[in-house]
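In what follows, a single structure is set out as C-alpha cells and then discussed.
The values are calculated or read from the model by the stated rules, or taken from the named source; none is laboratory data. Remember, it's a predicted structure, so these values are computed and weren't measured experimentally. All Cβ positions, glycine included, derive from the backbone under ideal geometry; neighbour counts span all protein chains shown.
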C-alpha cells in the first residue's frame, strides 16, 4: 500500500467520524422512540456501512490532482485481463516473484475492496449471489464513470483510469464477500437442537393443564 493510499484512508476515517456523528443522533432518537431502547446491532451495522463507504470513496478518489501532478497518457483500458500482461511486463523490467509485483497487489486490493460490500449484501440486505454481483458491478461502474469523467467535471482533468479489469475484480470481490457472508450466517445460525428443548417444554406444560 502506497503512502498516498494510507493518507486517503486517514481522510476517509475522519470523514466517517464526522458523518457518523450526524447519522448517529437521529438513529438513537428513532430507536428510543420506536423500541424504548437501543439496538446495538443496528447501530453497529450502520457504523460498518458508513465506515466502508467513506473508506472506499477515499481510496478511489483521493488524492486529488495537484498543480504538479503529471497527466495520464491513457485514461481508458478496455482489454480484459490486461493486468496479467502488465505483471509479465513488470517482471521483465524488475524481476522478482509475480505475487509481489505492484500490478498483482493492486488487482488483489481491487478484489478485497468489494468483499465487505458482498458481506453487507448477503447479511444486511438479504441479496442472492446474482443480485450481489449486480450490486457490485453497478457500484464499480459508478466509480469508474466518476473517474473517467474527472469526478463528473469537478476535477481539473482525468487522473484515474477507467479500467475494465477493475470492473471484473470488483464484481468478483462482491461475489467472494457474498460467499463469506453466507458462511457466517451458517456458522452463527442457531441449530435445531438448541431450539427443540424449549418447544418440548411448552408442549409438556400445555399437556399438564
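Given the residues 130, 143, which is the only one that is at pLDDT 95 or above, in a helix (DSSP H, G or I) and under 24 Å from residue 2 (Cα atoms)?
143
Please report, ordered by residue number, the helices (runs of 4 or more DSSP H) entirely within region 1-103 with at least 1 residues that are modelled with pLDDT under 90, assigned by TED's automatic domain parsing to the domain that holds residue 157 and over 24 Å from residue 149 (Cβ atoms).
82-94
For residue 80, are the conditions met, namely being surrounded by 13 or more Cβ atoms within 10 Å (Cβ to Cβ) and either more than 26 Å from residue 58 (Cβ to Cβ) or touching a helix residue (DSSP H, G or I) at 6+ places or on another chain (Cβ under 9 Å) (or both)?
No, not satisfied.
Considering only residues that are closer than 24 Å to residue 12 by Cβ, in contact (Cβ under 8 Å) with a residue 40 or more places away in the chain and more than 14 Å from the chain's Cα centre (by Cα), which ones fall in region 36-74?
Across region 36-74, the qualifying residues are 61, 62, 63, 64, 65, 69, 72.
Return the residues of region 95-104 that are without any contact (Cβ under 8 Å) to a residue 12 or more places away in the chain and touching a helix residue (DSSP H, G or I) at 6+ places or on another chain (Cβ under 9 Å); say none if nothing qualifies.
Scanning region 95-104 gives 96, 97, 98, 99.
Could you go through region 148-156 and let me know if any residue there is surrounded by 20 or more Cβ atoms within 10 Å (Cβ to Cβ) and assigned to a helix (DSSP H, G or I).
No; the residues of region 148-156 include none that is surrounded by 20 or more Cβ atoms within 10 Å (Cβ to Cβ) and assigned to a helix (DSSP H, G or I).
Yes/no per residue for (1) modelled with pLDDT under 95; (2) out of contact with any strand residue (DSSP E or B) (no Cβ under 8 Å at 6 or more places or on another chain); (3) assigned by TED's automatic domain parsing to the domain that holds residue 6:
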residue	(1), (2), (3)
111	no, yes, no
121	no, yes, no
147	yes, no, no
160	yes, yes, no
164	no, no, no
185	yes, yes, no
190	yes, yes, no
202	yes, yes, no
